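Data first, discussion second: the structure below is written as structure tokens.
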Amino acid sequence: MPDASTSPMPPRFMLFEYSELNPAFRDNPHTLLDPQRSARPVEHDGMLPAVLITSYAAGREILRDAHLSRNFNNAAPNNPVIANVRRLNEAVEAEFGRHDSIVTLDGADHTRVRTIIAEAFLKRAAALQATVARIIAERLDALTGRDSFDVVADYAAQIPMRVLGALMGCPDATLDDLKRWTEAGQLAFDPTKSAEQEHLALEGRRGIFGHFRQLMAERRTEPRDDFVSDLLAAQARGAPIDDNEILHNLFAVLVAGHLTTADLIGNGVALLLDHKEARDAILADPGLIQPAVEEILRHEPPISFTARFPKSEGAIARCPYHAGDALVVSLIATNRDPEKFDDPHRFDITRRPNPHMAFGAGAHICLGAPLARMEGQMALLKLFERFPNLRRVEASAPEWRAVPGVRGLARLNVATG
């Protein structure tokens, strides 16, 4: 009988163990991630063609490596998580054309398209402060007079879609459908979803693409003062971007900008409710809301992991990988790496510097970061100014959504008095 101390360890399904599908991970990911990062900061998954990266240095190196791909087509075909996404993509592409968004493009094509999208988007976002303030004030007015409400459903999830609708030119009557479709589409990365959930995810994508295809046709005939018209005007002036690329990047901007910003706001409310001294400091000095949002992003990043796909063999931190392996960077782990952050589990709204990677790093760093920061800062400050005595209704642990790659609350019930 072999000695247990020398027997090989059984293979570990790490991308389940360290994902939101694992209830223990949802409740407190750091009880699992801290020992993993300390002992094996880079490790192959025992069941999938994937590598889990939990150290800040290795994660940043991966995200900044221009030779690695974001395109799922470069992933190993036997990765069931990626195969699941590919299946949905192929169904949508059959109707709406190849997926050519800056989320998945690489190299020169990524630079070409991102330059055009960024110029139009960032100009629009910079002029949105008054619109964001109005949308937040309207949501707060709707909540004033209530004894309690759900921060997630009644506040955090309502703001980003209305902001994006104003930026992109989506009619108000379509916003509820777009919100429902983006939330259904979030299930695309869940390999455990039911046939009904997969149908909803697919229909959600079809709904969004159909909406923007119609909006593009309308704006081409009758331009307006919005992001869609800006992109079509740039194309008409000779910018090297085709209709398919515009359509798929409108989809990407909407989906990425809605859900992540809603989770930033919800996570931020929860953290400030649990850290009264931080909340009181912000109310006494509103200028602290800017570093507070950066610390919220570090402490509970809305995106828990991101991946790159190598086209050839290589190694990271002396751990070899193969072409097609998913190099999965745990942003939750990298943002609490004690090699980079002093006392990393302490929530400190005065932390400086704060080089978190909640928005990623490298060429694919989040395009919408400035708008997300603006929304987060204004939504949190105005909420606590309106309801300075806000408190949790339940004393129980928070309930996190069981969606892989997402760190967001399912609900957060609060009392106003």
³J(HN,Hα), Karplus 6.51/-1.76/1.60, whole Hz, each residue of the stretch 131-139, x for Gly, Pro: 5, 4, 4, 5, 4, 5, 4, 5, 5
Please work out whether the chain counts as rounded, prolate or oblate from its C-alpha gyration tensor, where a ≥ b ≥ c are the square roots of the eigenvalues and a/c under 1.5 means rounded, while otherwise a/b larger than b/c means prolate and anything else oblate? oblate
How big is the dipole moment of the stretch 191-326 about its Cα centre under a simple scheme where the beta carbon of each Lys and Arg is +1, that of each Asp and Glu is -1, and everything else is neutral? Debye, nearest 20, please. 400
Which aspartates and glutamates does Lys311 reach when only Cα atoms under 14 Å apart count, and residues fewer than 8 places away in its own chain are ignored? Asp65, Asp106, Asp325
Mean accessible area per residue over the stretch 45-160 (1.4 angstrom probe, all protein chains present, square angstrom) is 45
Given H placed 1.01 Å from N in the peptide plane, which residues other than close sequence neighbours of Val51 have an amide H under 5 Å from its amide H? Asp45, Ala326, Leu327, Val328
Dipole of the stretch 298-417 (Lys/Arg Cβ +1, Asp/Glu Cβ -1, origin at the Cα centre): which of Val406, Asn389, Gly324 lies farthest to the positive side? Asn389
What residue among Ala137, Ile159, Val103 has its Cα farthest toward the positive end of the dipole of the stretch 96-169, where the charges are +1 on Lys, Arg and -1 on Asp, Glu, each on the Cβ? Val103
Phi-based couplings in Hz for the stretch 289-297 (Karplus 6.51, -1.76, 1.60; Gly and Pro marked x): 5, 5, x, 5, 5, 4, 6, 4, 4
Ignoring ligands, DNA and RNA, please state the percent of accessible area on the stretch 294-417 from carbon and sulfur, probe 1.4 Å. 52
Report the relative contact order of the chain, percent, no decimals, based on alpha-carbon pairs under 8 angstrom and at least 6 residues apart. 27
Probe of 1.4 angstrom, ligands and nucleic acids ignored: what's the accessible area per residue over the stretch 242-349, in square angstrom? 34
Give me log10 I(q)/I(0) at q = 0.19 Å⁻¹ for the stretch 232-335, Debye formula, one equal scatterer per alpha-carbon, no solvent. -0.97
Distant-in-sequence amide H partners of Ser69 (H built 1.01 Å from N, under 5 Å): Phe309, Lys311
Of the accessible area of the stretch 23-75, with the probe set at 1.4 angstrom, what percent is carbon plus sulfur? 48
In whole Hz and in residue order, list the ³J(HN,Hα) couplings for the stretch 193-207 that follow from phi through the Karplus curve 6.51 cos²θ - 1.76 cosθ + 1.60, θ = phi - 60°; x for Gly and Pro. 5, 6, 4, 5, 5, 5, 4, 5, 4, 5, 5, x, 5, 4, x
Fully extended contour minus Cα-Cα distance, from Thr221 to Ala369, at 0.36 nm per residue: 50.1 nm
Leaving out same-chain residues fewer than 8 places away, which lysines sit with a Cα under 22 Å from that of Lys276? Lys382
Residues with amide H under 5 Å of Glu399's amide H, sequence separation 5 or more or different chain, H placed in the peptide plane at 1.01 Å from N; which? Ala410, Arg411
Would you please put 291-297, 240-246 in order of how densely packed they are, using the mean number of other Cβ atoms within 10 angstrom per residue and starting with the highest? 291-297, 240-246
Debye, to nearest 20: dipole size of the stretch 153-208, +1 on Lys, Arg Cβ, -1 on Asp, Glu Cβ: 160
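The values are calculated or read from the model by the stated rules, or taken from the named source; none is laboratory data. Keep in mind that what you see is a predicted model, and the values were worked out from it rather than measured. Ideal geometry is used to build each Cβ from the backbone, glycine not excepted, and the neighbour counts take in all protein chains shown. Surface accessibility is based on the protein's heavy atoms, side chains included, excluding ligands, DNA and RNA. Shrake-Rupley method; radii C 1.70, N 1.55, O 1.52, S 1.80 Å.
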